[in-house]
Amino acid sequence: MKTILVANNHLKMIGGTESFTFTLIENLKSKGYDIEYFTFDKGVVSDLIETELGVSFMSKKHYDLILANHNTCVDYLAKMGVIIQTCHGIFPKLEQPNKFADGHVSISKEIQDYLILKNTKSKIILNGINCKRFKPIKKVHQRLTNVLSLSQSTVANDKIEQACIELSVNFTKINKYENPIWDIENTINDADIVIGLGRSAYDAMACGRPVVSYDEREYTESFADGYLTVSLVDKCIENNCSGRYFKKKFTVEDIKKELLKYNHLHGNELRDYALMHFNIDKNANAYLKYGNSLKKTRSKFVLNLRHLKQWFKLTNRSLRHKRKRLFN
């Protein structure tokens, strides 16, 4: 295996699968593989992939392995080599399993169980974090002083802010839809405790920060797992620390109670846990091992109207992106 293509439906803004794509490409390139990337929608993250990593957009007609997020990418790329689809969730349409994939990866047991209901077998490989980038730089305070919310919800952030006001602690929020930051590890290192779900929680653990699992996403009910100790993370990773393990519903008073559980020593324990379970170096190796075990199961690929529409969309977006970069 020499040539690898890593694909994500969109790379125009900062988000979970976008950060995962960047991290996976970064690690595979460091291992010496010939890496290229693919997306239908270029932007901030694809620019970083090209400028910071020196990785180019898809140029080959065939690859030894294709690692694809989102079923749209599988539709478009399946004829070009052995392809693995990684499913990062159970609700979004883009995360539903695609029959043209030669293998599937679930980032949690919850997703693996869901795919079984869809008659799709998968291998669990947890979200991968660059633990050399996301690491403790500043020590947390012995007494809770600074709270960082990585929530994507105005409702959740309003509750968290009110809880912080009543506890007389500093409150900062970073919402990827309102004020996205690429170098989020620096902001995490300014906090004593981080509130968020999924990859945000893993980033914080890697930085040696205690975590409260909570958010109120539009596409599902408001769920929370609460203040995470190592023993609780062992359970909550079954649901990608999405709040769906305990399914708690938080009021302002509930958030205050969780914040008061703060113990600065827990940050070091969570850092060790992240190194063991979320380290991208180990997780990328798991992808490579899985890829080597697969064979192309579908030699024929039928080009239909949907694929043609995707091709025209890709072409138009690419032209718009080039014009934007040229004139800005």
*For the range 251-263, what does the Karplus curve 6.51 cos²θ - 1.76 cosθ + 1.60, with θ = phi - 60°, yield as ³J(HN,Hα) per residue in whole Hz, taken in order and with x for Gly and Pro?*
9, 4, 5, 5, 5, 4, 4, 5, 5, 6, 7, 3, 9
*asked:* I'm checking a number: the convex hull volume of the Cα atoms of the range 150-214, normalised per residue, in Å³. What is it?
replied: 80 Å³
*In Å, what Rg and Dmax follow from the Cα atoms of the chain?*
20.0, 63
*Name the residue, out of 188, 14, 280, whose mean-square fluctuation peaks in a Gaussian network model built on the chain with Cα pairs under 10 Å.*
14
*What is the packing order of peptides 84-95, 203-214, 244-255, taking the mean over residues of other C-beta atoms within 10 Å and listing the highest first?*
203-214, 84-95, 244-255
*Answer rounded, prolate or oblate for the range 107-161, using the Cα gyration tensor with square roots of eigenvalues a ≥ b ≥ c: rounded when a/c is under 1.5, else prolate when a/b is larger than b/c, else oblate.*
oblate
*Which links in 118/248; 138/289; 60/99; 2/79 stretch past 25 Å when you go from one Cα to the other?*
118/248; 138/289
*asked:* Suppose we keep just the alpha-carbon trace of the range 179-293; what are its Rg and Dmax in angstrom?
replied: 14.8, 51
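Percentage of Cα-Cα pair distances in the range 53-187 greater than 22 Å, rounded to whole percent?
So the portion of pairs separated by more than 22 Å is 59 percent.
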_If I take every Cα pair under 8 Å that is 6 or more residues apart in the chain, average their sequence separation and divide by the length, what percent do I get for the relative contact order?_
17 percent
_Positive-end residue, the range 16-83 charge dipole about Cα centroid, Cβ charges, pick of 78, 21, 40_ = 78
*asked:* Quick check on the range 40-100: take the gyration tensor over C-alpha atoms, sort the square-rooted eigenvalues as a ≥ b ≥ c, and tell me if it's rounded (a/c under 1.5), prolate or oblate.
replied: oblate
*Round to the nearest 10 and report in Å² the accessible area of residue 33, as given by a 1.4 Å probe over the protein chains' heavy atoms.*
60 Å²
*³J(HN,Hα) computed for each position of the range 150-156 - Karplus, 6.51 cos²θ - 1.76 cosθ + 1.60, integer Hz, glycine/proline x*: 10, 5, 9, 10, 5, 4, 5
*Excluding residues fewer than 8 places away in the same chain, name every one of the lysines whose C-alpha is closer than 16 Å to that of residue 173.*
159
*Rounded to the nearest whole Å², what accessible area per residue is found for the chain with the 1.4 Å probe?*
47 Å²
*Which of the trypsin sites (Lys or Arg not before Pro) found in the range 1-77 are in a DSSP loop and have at most 14 neighbouring Cβ atoms, other than their own, within 10 Å?*
2, 31, 60, 61
*asked:* Out of the total accessible area of the chain (probe 1.4 Å, heavy atoms of protein only), what percent is carbon and sulfur?
replied: 52 percent
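In debye, nearest 20, what is the charge dipole magnitude of the chain about its Cα centre with +1 on Lys and Arg Cβ and -1 on Asp and Glu Cβ, if you could check?
Charge dipole of the chain: 1480 debye, to the nearest 20.
The values are calculated or read from the model by the stated rules, or taken from the named source; none is laboratory data. Predicted model only: the values in this text are computed from it and were never measured. FYI the Cβ positions are ideal-geometry reconstructions off the backbone, even for glycines, and counts take in every protein chain you see. The area values use the complete protein model at the heavy-atom level, side chains included, leaving out ligands, DNA and RNA. Shrake-Rupley method; radii C 1.70, N 1.55, O 1.52, S 1.80 Å.
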